[in-house]
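The values are calculated or read from the model by the stated rules, or taken from the named source; none is laboratory data. Everything numeric in this text was worked out from a predicted model, so none of it was measured. Positions of Cβ are generated from backbone atoms using ideal geometry, with glycine treated the same way; all protein chains shown enter the neighbour counts. In case anyone asks, the SASA skips ligands and DNA or RNA and just uses the protein heavy atoms, side chains included. Shrake-Rupley method; radii C 1.70, N 1.55, O 1.52, S 1.80 Å.
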Amino acid sequence: MMHRVLPLAYSLAAVWLLALAAYAQQAVPALSGRVIDEVGVLSAEEQAQIAAELAALEEESGAQLVLLVVSTTEPEPIETYAIRVAERWQLGREAIDDGVLFLIATADRAVRFEIGYGLEGALPDALSKRIIEEQVLPHFRSDDMPAGIRAGIAALSAAIRGEELPEPVTSRPDPSQSWGELLPILFFIAVFASRPLKRAFGQLPGALVAGGATGIAAWFIVGVLSVAGVAAIAGFVVALIGIGGPGRWNSGGRG
């Protein structure tokens, strides 16, 4: 009986140790911004300035760079913890994977860049190590961590801007161009489409169907919800009062 109990006890002990190790891991903070400083290395003004620089980088290049400062990653090495954070946060654009995690563990005196696959051409391992050794750590060793952080971000940003990445989707369609594309559709509804619709459904329902069709067409053409809504209303009005009614009776009377 004892030879059966011992393997079970060992298995339970192994499971307990694994659970304890998982529980002992440092928690991954919520992605609440582009700068997350849990230690207080940066002042509020410095955090705001760096966050603005990272926002400008993302708007210009599409790549997402986030700074995380923690006290320690123990019991994990910084490499393992950085991977957990990167997997949780999913930095960068989904199909491009152009995210960068700049991780600092102050008590461990450790620094790590976790680079997405889409930026490995711009930031290979050799360059990343050189940025840390030549730009970041000299300031850290001089007890000027904010300067080291700014230098590291500047070097990372320069490398990212030098890489040819897909254009960020930041521009909005020009409303004047959108209406230039939609006017022919409105004219078509007023002249051709509204007549059979109003004959089939009646005056008001037919105009509603025509307006809905206009809104759907506008959405597919310009991809802007507000323009599609206005186009639907305009299409309804045009179909309701425009050319091509359901066949109005001429007014008349007995002579």
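Some observations on this one:
- When we screen ILE96, ILE36, ILE50 for residues that are in a helix (DSSP H, G or I) and either surrounded by 14 or more Cβ atoms within 10 Å (Cβ to Cβ) or modelled with pLDDT under 95 (or both), the only hit is ILE50.
- For the stretch 104-155, the tally of residues that are assigned to a loop (DSSP other than H, G, I, E, B) and of a type in the set (Ser, Thr, Tyr) stands at 2.
- LEU57 vs. criteria under 22 Å from ALA154 (Cα atoms), in contact (Cβ under 8 Å) with a residue 40 or more places away in the chain and in a loop (DSSP other than H, G, I, E, B): no
Yes/no matrix, rows are residues, columns are (1) within 19 Å of GLU38 (Cα to Cα); (2) of a type in the set (Val, Ile, Thr); (3) in contact with a Pro (Cβ under 7 Å, 6 or more places away or on another chain); (4) modelled with pLDDT under 95:
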residue	(1), (2), (3), (4)
ALA63	no, no, no, yes
VAL66	yes, yes, no, no
GLU79	yes, no, no, yes
PHE102	yes, no, no, no
ALA126	no, no, no, yes
MET145	yes, no, no, no
GLY148	yes, no, no, no
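- Test for LEU182: is it at pLDDT below 90, open to solvent by less than 70 Å² (accessible area, probe 1.4 Å) and assigned to a loop (DSSP other than H, G, I, E, B): no
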